[in-house]
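Each remark here refers to the structure printed beneath this line.
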């Protein structure tokens, strides 16, 4: 099976079947070569319905979760996105095909360097990746239309709330890193009022640093 056909089947059976409907998100999931974002020994499993290890105790999320979180951000062309936890760079690549630009930060230097090189080699010129503790966001590039956290935290980092544009949306897994968490959607209205809503149960690796 070609990778293109594998991606089409992935979108049809894993993503559309679970009611992800946003056309931009579906197009991005069909286009981004997930097999380029996993270690070589897992390439044959790249389009399967589960997360995969990428080293240093980290994972690339299940395709459905990547699509679901991307859709939840309600991205528009031109939007500026911050991602805490680059990992392999896959989520950033998907978001970058829907938004205008993505700024992504990874606490593990080896992963950050590899993701930056990978994204550049694959032509994702609107993704800006760097090594650092994303808990404090990326202040000089704020405010952001959307923020996505790809690791489990026990609270919402205050700097991220501050860097979220009024009208923006923040997605974060909240709860213990050793059990199931809740994926929480945080919104900031045009007057700056913040509200939270739990969406689905998820399981992410723990947020490090800070």
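The values are calculated or read from the model by the stated rules, or taken from the named source; none is laboratory data. No experiment lies behind these values; they were computed from the predicted model shown. For neighbour counting, all protein chains shown are included, and Cβ atoms are generated from backbone atoms with ideal geometry for every residue, glycine included.
Output the residues belonging to segment 16-45 that are touching a residue at least 24 places away in the same chain (Cβ under 8 Å) and within 16 Å of residue 74 (Cα to Cα).
Result: 20, 21, 22, 24, 25, 26, 27, 28, 29.
If you scan segment 175-202, which residues turn out to be part of a loop (DSSP other than H, G, I, E, B), surrounded by 16 or more Cβ atoms within 10 Å (Cβ to Cβ) and in contact (Cβ under 8 Å) with a residue 24 or more places away in the chain?
Selection gives 177 alone.
Name the single residue that is modelled with the lowest pLDDT among those in segment 48-74 being surrounded by fewer than 22 Cβ atoms within 10 Å (Cβ to Cβ) and part of a loop (DSSP other than H, G, I, E, B).
Restricting to residues being surrounded by fewer than 22 Cβ atoms within 10 Å (Cβ to Cβ) and part of a loop (DSSP other than H, G, I, E, B), the top hit is 57.
Go through segment 26-47 residue by residue and tally those that are surrounded by fewer than 19 Cβ atoms within 10 Å (Cβ to Cβ), in a loop (DSSP other than H, G, I, E, B) and over 16 Å from the mean Cα position of the chain (by Cα).
1
For the structure I just gave you, tell me whether residue 125 is in a strand (DSSP E or B) and at negative phi.
Details: in a strand (DSSP E or B): no; at negative phi: yes.
No.
Does residue 172 satisfy the condition of being closer than 22 Å to residue 51 by Cβ, in contact with a strand residue (DSSP E or B) (Cβ under 7 Å, 6 or more places away or on another chain) and surrounded by 13 or more Cβ atoms within 10 Å (Cβ to Cβ)?
Here the answer is yes, as residue 172 does meet what is asked.
Scan segment 124-141 for residues that are touching a residue at least 40 places away in the same chain (Cβ under 8 Å), over 15 Å from the mean Cα position of the chain (by Cα) and under 20 Å from residue 98 (Cβ atoms) and jot them down.
138, 141
Restricting attention to segment 35-44, does a residue exist that is under 25 Å from residue 209 (Cα atoms), in contact with a helix residue (DSSP H, G or I) (Cβ under 8 Å, 6 or more places away or on another chain) and at pLDDT 95 or above?
Step one: list which residues in segment 35-44 are under 25 Å from residue 209 (Cα atoms), which gives 37-39.
Those left that are additionally in contact with a helix residue (DSSP H, G or I) (Cβ under 8 Å, 6 or more places away or on another chain): 37-38.
Remaining after also requiring at pLDDT 95 or above: 37-38.
Yes: segment 35-44 contains one or more residues that are under 25 Å from residue 209 (Cα atoms), in contact with a helix residue (DSSP H, G or I) (Cβ under 8 Å, 6 or more places away or on another chain) and at pLDDT 95 or above.
If I ask for residues that are crowded, with 23+ Cβ neighbours inside 10 Å and in contact with a helix residue (DSSP H, G or I) (Cβ under 7 Å, 6 or more places away or on another chain), which ones from segment 109-125 would you list? Lay out the reasoning, then the answer.
First pass over segment 109-125, keeping only residues crowded, with 23+ Cβ neighbours inside 10 Å: 115, 119.
Hit for segment 109-125 is 119, nothing else.
Within segment 91-108, is there a residue that is in contact (Cβ under 8 Å) with a residue 12 or more places away in the chain, part of a loop (DSSP other than H, G, I, E, B) and buried (at least 23 other Cβ atoms within 10 Å of the Cβ)?
Yes: segment 91-108 contains one or more residues that are in contact (Cβ under 8 Å) with a residue 12 or more places away in the chain, part of a loop (DSSP other than H, G, I, E, B) and buried (at least 23 other Cβ atoms within 10 Å of the Cβ).
Within segment 159-169, how many residues turn out to be surrounded by fewer than 22 Cβ atoms within 10 Å (Cβ to Cβ) and either under 19 Å from the mean Cα position of the chain (by Cα) or part of a strand (DSSP E or B) (or both)?
7
Conditions: (1) exposed (fewer than 13 other Cβ atoms within 10 Å of the Cβ); (2) out of contact with any strand residue (DSSP E or B) (no Cβ under 6 Å at 6 or more places or on another chain); (3) assigned to a loop (DSSP other than H, G, I, E, B). Residue 208 meets all but one. Number of the miss?
For residue 208, the exception is condition (1).
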